[in-house]
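Notes for the one structure printed next.
The values are calculated or read from the model by the stated rules, or taken from the named source; none is laboratory data. Worth saying up front: this structure is predicted, and the values here are computed from it rather than measured. Virtual Cβ from ideal backbone geometry, glycine too; neighbours counted across all protein chains shown.
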Amino acid sequence: VEADWLKDAEEMVLKSRIKIPYTWYVGETGGRFFVDIRDNKRITGTRCEKCGINYVPPRKTCGRCFSDLDDSWREVGPGGVVESFTVVHYHEVSHPKDPPVIYGLIKLDGADTALVHLLAGVEPGEIRTGMRVKAVFAEKREGHMKDIEGFVPAEGS
Ligand SMILES: [Zn+2]
């Protein structure tokens, strides 16, 4: 039953944004991954011997056979190959820089999975899948994904 006071109400929709600060625990595996990048400029993954897969970013548990991967850390990269990419031409607060922002799906040397990160030092039209790139580490590293500034073209492209 509709309330009397609603009968003449005007339907309105207001557009807005909410911004919610939050923190989250990255876990033991994520912590080790970020500390290695921060302190050693070293990118690591975990390997499942049973499946023969090097996971980067690292996983605590193999997604295929559920083996524990705690003791299977491997260094990968810092070079790798662009598996795919996209160019974003609009501004969005969640993007780490002004457009155009180029996101690449990068499979690091020694890895069997790819990670998403920024491609830099290259024009959007010059990027192609299969091109070689390498990680550029930030001067000031704080223990998160931005400790890698991005991936730039590398020799052997
Ligand atoms: Zn496995």
Notebook entry, point to check: Can you find a residue in the range 77-92 that is in contact with a strand residue (DSSP E or B) (Cβ under 8 Å, 6 or more places away or on another chain), touching a residue at least 12 places away in the same chain (Cβ under 8 Å), within 16 Å of the ligand (Cβ to nearest atom) and polar (S, T, N, Q)?
Noted result: no
Checklist line | Residues that are in contact (Cβ under 8 Å) with a residue 12 or more places away in the chain and within 17 Å of E28 (Cβ to Cβ), drawn from the range 51-69 | finding: Y55, V56, P57, P58, R59, K60, C62, S67, L69
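Regarding the range 37-54, can at least one residue be identified that is assigned to a helix (DSSP H, G or I), closer than 21 Å to V116 by Cβ, more than 16 Å from the ligand (Cβ to nearest atom) and at pLDDT 95 or above?
Taking the range 37-54 first, the residues assigned to a helix (DSSP H, G or I) are 37-40.
Within this subset, residues satisfying the condition of being closer than 21 Å to V116 by Cβ are 37-38.
Those left that are additionally more than 16 Å from the ligand (Cβ to nearest atom): 37-38.
Cutting the leftovers down to at pLDDT 95 or above gives us 37-38.
Within the range 37-54, one or more residues are assigned to a helix (DSSP H, G or I), closer than 21 Å to V116 by Cβ, more than 16 Å from the ligand (Cβ to nearest atom) and at pLDDT 95 or above.
Could you check the range 84-107 and list, in sequence order, the residues that are more than 15 Å from P153 (Cβ to Cβ) and assigned to a strand (DSSP E or B)?
Selection gives S84, T86, V87, V88, V101, Y103, L105, K107.
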Check: Using beta carbons and a limit of 9 Å, which pairs, at least six apart or on different chains, have the first residue in the range 8-22 and closer than 21 Å to S94 by Cβ and the second one part of a loop (DSSP other than H, G, I, E, B) and modelled with pLDDT of 80 or more?
Finding: R17/V93; K19/V93
Next item on the list: Test G110 against the criterion of being loosely packed, with under 14 Cβ neighbours inside 10 Å, modelled with pLDDT of 95 or more, in a loop (DSSP other than H, G, I, E, B) and on the phi > 0 side of the Ramachandran plot, and give yes or no.
Entry: no
